[in-house]
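Asks: There's a structure below that I have some questions on.
The values are calculated or read from the model by the stated rules, or taken from the named source; none is laboratory data. Since the model is a prediction, treat every value here as computed from it, not as a measurement. All Cβ positions, glycine included, derive from the backbone under ideal geometry; neighbour counts span all protein chains shown.
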Amino acid sequence: MFLGSHRTFGRHLARLRRDADGAAAVEFALVSLPFLALCGAIFQVAFQIWATQNFDRALQNAVRTIFTGQFQQANVGQTDPSKLLAALKTTMCGPANATIVNIFNCQAVKIDVATASTFSDAAPSTPVNTTTGTWDTNFGTRYACAAPGTIVIVTAAVQFPTFFNLMGLSTRKFTTGSEAGSSLLMSTAVFRTEPYQTSGGTPPC
């Protein structure tokens, strides 16, 4: 009786070993999560690199007007930093009713314009307060007018959505507030303005 039961159990065990039904599904389940995570990470990094290049190009087009003095001359007499920065953002993004097509939210861009005495002292502004995990309260509020031959540092930043944050990616820069979970696009331009012509020889600053 015991011997027969043992033989029956042995036959069932041998049959189970030979039965490969469902093995592919189990194997797929084991590898699918890491594979999908890798695909998501590749998509996030590639899309963010593309957005960064688009952001850099938009900023370079705007700061060229400061480099040549066109922006300063167009805003002679204006001393309100908020209005000057808004005008610079319009130069970068286009007017509200005809914005330039970009893959980032151009209307949410924050810009800081500073000057320096030497290139070694030219440091970009810091957009995000790492302690609070949100925007630095002073970023996007400063504008220093650039006279001819002045070293200028223009820093622009905008939040960017994080679609995937897998495989150890650390793209999220905002941890609190309405931007929590977002990444950051940042671009900086450092240059010396041309010796542009000024009205009556008086600098527009």
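Asks: When you check THR90 against the structure, is it surrounded by 13 or more Cβ atoms within 10 Å (Cβ to Cβ) and of a type in the set (S, T, N, Q), yes or no?
Replies: For THR90, the condition - surrounded by 13 or more Cβ atoms within 10 Å (Cβ to Cβ) and of a type in the set (S, T, N, Q) - is met.
Asks: Could you go through region 126-146 and let me know if any residue there is part of a loop (DSSP other than H, G, I, E, B), over 18 Å from THR65 (Cβ atoms) and at pLDDT below 80.
Replies: Checked region 126-146: no residue is part of a loop (DSSP other than H, G, I, E, B), over 18 Å from THR65 (Cβ atoms) and at pLDDT below 80.
Asks: Looking only at region 100-119, count how many residues are over 15 Å from the mean Cα position of the chain (by Cα) and touching a residue at least 24 places away in the same chain (Cβ under 8 Å).
Replies: Narrowing region 100-119 to residues over 15 Å from the mean Cα position of the chain (by Cα): 100-101, 112-119.
Remaining after also requiring touching a residue at least 24 places away in the same chain (Cβ under 8 Å): 100, 112-119.
Residues in region 100-119 being over 15 Å from the mean Cα position of the chain (by Cα) and touching a residue at least 24 places away in the same chain (Cβ under 8 Å): 9 in total.
Asks: Which of the residues spanning region 63-86 are of a type outside the set (Ser, Thr, Tyr) and surrounded by 16 or more Cβ atoms within 10 Å (Cβ to Cβ)?
Replies: Step one: list which residues in region 63-86 are of a type outside the set (Ser, Thr, Tyr), which gives 63-64, 66-67, 69-78, 80-81, 83-86.
Matches in region 63-86: VAL63, ILE66, PHE67, GLY69, PHE71, GLN72, ASN75, PRO81, LEU84, LEU85.
Asks: Write out, first by first residue and then by second, each pair whose Cβ atoms fall under 9 Å of each other, whose residues are 6+ apart or on separate chains, and whose first residue, in region 124-150, is farther than 16 Å from VAL113 by Cβ while the second is assigned to a loop (DSSP other than H, G, I, E, B) and among the aliphatic types (A, V, I, L, M).
Replies: GLY133/ALA180; THR134/ALA180
Asks: Test each condition in (1) surrounded by fewer than 13 Cβ atoms within 10 Å (Cβ to Cβ); (2) more than 20 Å from the chain's Cα centre (by Cα) for ALA122 and report the one that comes out false.
Replies: Against the list (1) surrounded by fewer than 13 Cβ atoms within 10 Å (Cβ to Cβ); (2) more than 20 Å from the chain's Cα centre (by Cα), ALA122 comes up short only on (1).
Asks: Can you name the residue in region 163-195 that is in a loop (DSSP other than H, G, I, E, B) and modelled with pLDDT of 90 or more and is also farthest from TRP50 (Cα to Cα) among such residues?
Replies: Ranking the qualifying residues of region 163-195, first place goes to PRO195.
Asks: Could you list, ordered by first residue, the pairs with Cβ atoms under 8 Å in which the first is in region 77-99 and within 11 Å of TYR143 (Cα to Cα) and the second is in a loop (DSSP other than H, G, I, E, B), at least 6 apart or interchain?
Replies: Listed by first residue and then by second, the contacts come to PRO81/THR141; PRO81/ARG142; SER82/THR141; LEU84/ASN75; LEU84/GLN78; LEU84/CYS145; LEU85/GLY140; LEU85/THR141.
Asks: If THR150 passes every condition in (1) surrounded by fewer than 18 Cβ atoms within 10 Å (Cβ to Cβ); (2) over 30 Å from LEU33 (Cβ atoms) but one, which one does it miss?
Replies: (1) is the only condition that THR150 fails.
Asks: Hey, another quick one. Would it be correct to say that VAL76 is over 30 Å from PHE160 (Cα atoms), among the β-branched types (Val, Ile, Thr) and at pLDDT below 90?
Replies: Against the criterion (over 30 Å from PHE160 (Cα atoms), among the β-branched types (Val, Ile, Thr) and at pLDDT below 90), VAL76 qualifies.
Asks: Only one residue in ASN105, ASN129 is in contact with an Asp or Glu (Cβ under 6 Å, 6 or more places away or on another chain) and not hydroxyl-bearing (Ser, Thr, Tyr), so which one is that?
Replies: On the way: ASN105 fails: in contact with an Asp or Glu (Cβ under 6 Å, 6 or more places away or on another chain).
Exactly one of ASN105, ASN129 is in contact with an Asp or Glu (Cβ under 6 Å, 6 or more places away or on another chain) and not hydroxyl-bearing (Ser, Thr, Tyr), namely ASN129.
Asks: Then there is this: Identify, please: which residue in region 42-58 is of a type in the set (Gly, Ala, Ser) and surrounded by 12 or more Cβ atoms within 10 Å (Cβ to Cβ) and is, among those, nearest to the chain's Cα centre (by Cα)? Before the answer, list the steps.
Replies: Start the filter on region 42-58 by keeping residues that are of a type in the set (Gly, Ala, Ser), which leaves 46, 51, 58.
With surrounded by 12 or more Cβ atoms within 10 Å (Cβ to Cβ) added as a condition, the list becomes 51, 58.
Working: ALA51: 7, ALA58: 13 Å.
The extreme case among them is ALA51.
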